[in-house]
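The values are calculated or read from the model by the stated rules, or taken from the named source; none is laboratory data. Model, not experiment: these values are computed from the prediction. Reconstructed Cβ throughout: ideal geometry from the backbone, glycine too, with neighbour counts over all protein chains shown. Note: areas computed on protein heavy atoms with side chains; ligands, DNA, RNA excluded. Shrake-Rupley method; radii C 1.70, N 1.55, O 1.52, S 1.80 Å.
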Amino acid sequence: GDIIGIPNHGTLRVGDTLTEDGRIGKVADLQGTVSLRPMNAARWTPVAGQMLVRPGDWVRTDLRGANAVRLRLVPRTAVTLGPGALVELAGPKTLRVHRGDVKVVADKAAPIEVVAPGNVRRTVTGTQLLRVRQEKLASLDTEPLWLRGFEGATAEESIGSLVADVD
């Protein structure tokens, strides 16, 4: 990593997975109700637009409705959370999944460690669909409907449609 100077604090070695301003990524895309709680904060903030994420941040999606969010993490990782997911961004290379469905896409040169309840750990390279329900981690073989809807394959199945008959 690079070495940067910080006024009144000397120098800091910045790793390949942490930017100079301390963020580890940003919100790339979202749908529905998504909230973020920074480390040491008591309140959740509604996510709007491309907010930055930092180590220790928590991200959650509402359970009811078509709620999903895609995070881009440094250097080349994408994490997509489905409805009812709760994830802690423990660090640039560590993701704690507390509940819900998560799609993780990690570069082979930059794997990410997924930690589930019970301290179950899985190193992810490539693409993996994971689900944490009732404190258990499982891999999914097929894409859930929410993910296909979020990624644009079948929007009607994910968010439904409204037909009104007006006189």
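Structure notes:
- Derived scalar couplings between HN and Hα for the range 122-139 equal 9, 8, 10, 10, x, 10, 9, 9, 10, 9, 10, 9, 6, 6, 10, 9, 9, 8 Hz in order, rounded to whole Hz, by the Karplus curve 6.51 cos²θ - 1.76 cosθ + 1.60 (θ = phi - 60°), x for Gly and Pro.
- Zone of R122's modelled label, taken as backbone nitrogen in the range 88-110 under 17 Å from a point 7 Å along Cα→Cβ: 88, 94-108
- The range 80-123: antiparallel DSSP beta bridges as a percent of all, rounded to 5: 75
- With all protein chains modelled, accessible area of K136 [1.4 Å, Å²]: 140
- Sites A109 and R37 - FRET efficiency at Förster radius 41 Å, r taken between beta-carbons, to 0.05: 0.85
- Here's how it looks for V53: its modeled amide H is under 5 Å from those of I24, G25, K26, V27, which are all 5 or more places away or on a different chain.
- At R0 = 35 Å, FRET efficiency that the Cβ-Cβ distance of Q134 and K26 yields, to 0.05: 0.65
- Spin-label pair L52/R64, simplified geometry with 7 Å Cα→Cβ offset, distance in nm: 3.5
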